[in-house]
Amino acid sequence: MLLHYRPGILGFRSLVDDPRFFLAPDGKTNAKAELSATLDGLFDATSDPPPFCRFPGRYAFLAERLGIDPARVPHPSCPEADNIVRTIDGQSATLVFASGYVNAPASMFGHTFLRIDSSYESPLLAFAVNYAAKVDEGEGAIKFTFKGLAGGYRGYYSVLPYYEKVREYANIDQRDMWEYRLNLTPDEVRRLVLHLLDLKGIATDYFFFDENCSYELLFLLDAARPEARLTDTGEGYWVIPMDTVRAALAAGLADNVTWRPSRARQIRHSQSFMAGRETELASGIVDGKSSPDALLSGPLQDASKVRVLDLAALLAQYRIAKKDLGHESFQKRFHGILGARTRLAGAEAGIPPLPVPPPPDAGHRSARGFLGAGFRGHDPFLEGGWRPAYHDHTDDPAGYTEGSRIEFFSGAARWYPEDDRVRLSRLDFVRIESLDAADRVFRPKSWKVRASLETRDFKVEEDGLVAFGGAGVGLSLRAGNETIASLLAEVEGAFSRRYHSSYRLAPGFSAGLMASPLPGWRVRFEARGLWGAAGDTTGGPDLSAGLRQTVRLGRDLSLSLDLSRGVQKHVRRTEGVVAINRYF
């Protein structure tokens, strides 16, 4: 637990990779030797710092479990550790989940961290405990993914003021935060903090899917309450941030949840009940093009003026957090907005309260397996597939980021019974799409990347496996409360011996519509066209259209129906598949 040992092929080993974490030379793989060296360190006051000051969590645990008399141990004071414990003043703890942010490669799946609450009433004055990979600035999602899969980053624990995390996530990155109150006692919180001191400055190899921000937090919770044994639940080798929350809930550690909506969500909610002219007036006030006093003296009704001023206040706070507005300008304009708002204190904006969405633990699990049957032209087939992670557009969106699709190593194979043939239908090494709808305030780009293997037609009776990678960028707009339309320019590079010159480089476009006609029913339509521009340019345009529908049968069960039509120079083919999906 405190040494982070896990069973492996060659026996137990610690997941900590920094040699400074061990007192025995072979402590990473020899628990007995590390225990002996740790006990010897109880009586070693010559080192600087002495072992019992460097690893206070270990020695507190041993003193409690072995009934060691402190009077018999030559302990000098440990001023640095004592000062940190006093400063943090841990009285209780909260597990925090920040929703996914597809445009930040380290946060595509969301992020979990701990908040150590003190005797102060405001949680903003508490401390946040974070574990994260040290990523070079400017690294993209693809590089981060493959480097993270190979353990190419070093991960570290850190402690920082909680208000900084709120500013980073809720105010800047447009991410909702869910705070799961943990029922830890002050003594258990102290054990957690002491183990955190054991890990101060210690590096571990960061792996994207297992030794990540989610799994590493479980060791801290196990240090606080060893009988929870969260790292032994069997989910430690494939953990995403929401798994940490679910593990804490299953162990009875979390007993209350609070939602902290992002500033962007508040702005979008207000906009949805406002006329376009009102939004323009609010932006003009924040930009300094008009004044709150001019608004008050204008012809608008008081309810409309209140809506404008409330939105202007939110926009000003958002822009100062994003550093899109100077501090001096913010103070002047924000003060004017608040002053004008107080003069309309009796008026109501007529905007209903922000509705609370389902908590992230209410969503489906991230792994998915499916079995189905269908047809490809005149040929029937049976199909099965597996997706280790994470979510696509037609999965139930409860608890997930709207408009996002993130899949890794998702594949499907088909068996054609008429000729007893098994074919790999597709294997997506990585497939990421972000269809974040733009509006009058926010102008996010929609984008997609994909690297895959796929069986494609070349002639009516000839198909083959194609390796390809593609990317696209464009714009998405909201066409209704539950509908998003998108248009993206794309380019794809495909490689196969069946192509002339063995490759094809094709630009094109895709247009899509994503909707929820009824609760639990998701629909995604996409039309796509690609034109060969280099390599194999003889096949003509590659046109396709697909309709996928998924109906939720339960939190972790759904039924999907896929229909698609492909039109090429040599082949025109229709496909259909109906499948049952199980989430794990």
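Residues being in a loop (DSSP other than H, G, I, E, B) and surrounded by fewer than 15 Cβ atoms within 10 Å (Cβ to Cβ) are entirely absent from the range 383-392. Of the residues making up the range 5-34, those that are at pLDDT 90 or above and aromatic (Phe, Trp, Tyr) are 21, 22. What about residue 369, is it farther than 30 Å from residue 460 by Cα, modelled with pLDDT of 95 or more and not in a helix (DSSP H, G or I)? It is true that residue 369 is farther than 30 Å from residue 460 by Cα, modelled with pLDDT of 95 or more and not in a helix (DSSP H, G or I). Scan the range 15-33 for residues that are outside any loop (DSSP other than H, G, I, E, B), touching a strand residue (DSSP E or B) at 6+ places or on another chain (Cβ under 8 Å) and within 26 Å of residue 80 (Cα to Cα) and the total you get is 1.
From the list 166, 193, 189, 159, the lone residue that is aliphatic (A, V, I, L, M) and not in a helix (DSSP H, G or I) is 159. With respect to the conditions (1) closer than 28 Å to residue 471 by Cβ; (2) in a strand (DSSP E or B); (3) of a type in the set (S, T, N, Q), residue 174 lacks only one, and its number is (2). Of everything listed in (1) touching an Asp or Glu at 6+ places or on another chain (Cβ under 7 Å); (2) modelled with pLDDT of 95 or more, the single unmet condition for residue 286 is (1). Limited to the range 295-316, what total is found for residues that are of a type in the set (S, T, N, Q) and surrounded by fewer than 19 Cβ atoms within 10 Å (Cβ to Cβ)? The qualifying residues number 2. Taken together, 367, 340, 413 contain a single residue that is aliphatic (A, V, I, L, M), under 15 Å from the mean Cα position of the chain (by Cα) and more than 23 Å from residue 476 (Cβ to Cβ), which is 367.
Taking the listed residues 61, 109, the one that is among the aromatic types (Phe, Trp, Tyr) and part of a loop (DSSP other than H, G, I, E, B) is 109, with no other qualifying. Counting only residues that are touching a helix residue (DSSP H, G or I) at 6+ places or on another chain (Cβ under 9 Å) and at pLDDT 90 or above, the range 333-347 holds 10 of them. Within the range 270-282, being out of contact with any Ser or Thr (no Cβ under 8 Å at 6 or more places or on another chain) and crowded, with 18+ Cβ neighbours inside 10 Å holds for 270, 274, 279, 282.
Restricting the first member to the range 373-389 and to residues that are within 14 Å of residue 425 (Cα to Cα), and the second to residues that are β-branched (Val, Ile, Thr), the beta-carbon pairs closer than 7 Å and six or more apart or on different chains are 373/578; 374/577; 374/578; 383/577.
Given (1) surrounded by 21 or more Cβ atoms within 10 Å (Cβ to Cβ); (2) assigned to a loop (DSSP other than H, G, I, E, B); (3) β-branched (Val, Ile, Thr), identify the lone condition not met by residue 135. Against the list (1) surrounded by 21 or more Cβ atoms within 10 Å (Cβ to Cβ); (2) assigned to a loop (DSSP other than H, G, I, E, B); (3) β-branched (Val, Ile, Thr), residue 135 comes up short only on (1). The requirement of being at pLDDT 90 or above and either loosely packed, with under 15 Cβ neighbours inside 10 Å or farther than 19 Å from residue 514 by Cα (or both) is not satisfied by residue 395.
Specify the residue that is surrounded by the fewest Cβ atoms within 10 Å (Cβ to Cβ); the eligible residues are those in the range 181-196 that are under 27 Å from the mean Cα position of the chain (by Cα) and farther than 17 Å from residue 124 by Cβ. The qualifying residue surrounded by the fewest Cβ atoms within 10 Å (Cβ to Cβ) is 183. Taking the range 235-348 and the helices (runs of 4 or more DSSP H) fully enclosed by it, the elements with 3 or more residues that are in contact with a Gly (Cβ under 8 Å, 6 or more places away or on another chain) are at 302-321.
The values are calculated or read from the model by the stated rules, or taken from the named source; none is laboratory data. If you're wondering where the values come from, they're calculated on a predicted model, not measured in any experiment. FYI the Cβ positions are ideal-geometry reconstructions off the backbone, even for glycines, and counts take in every protein chain you see.
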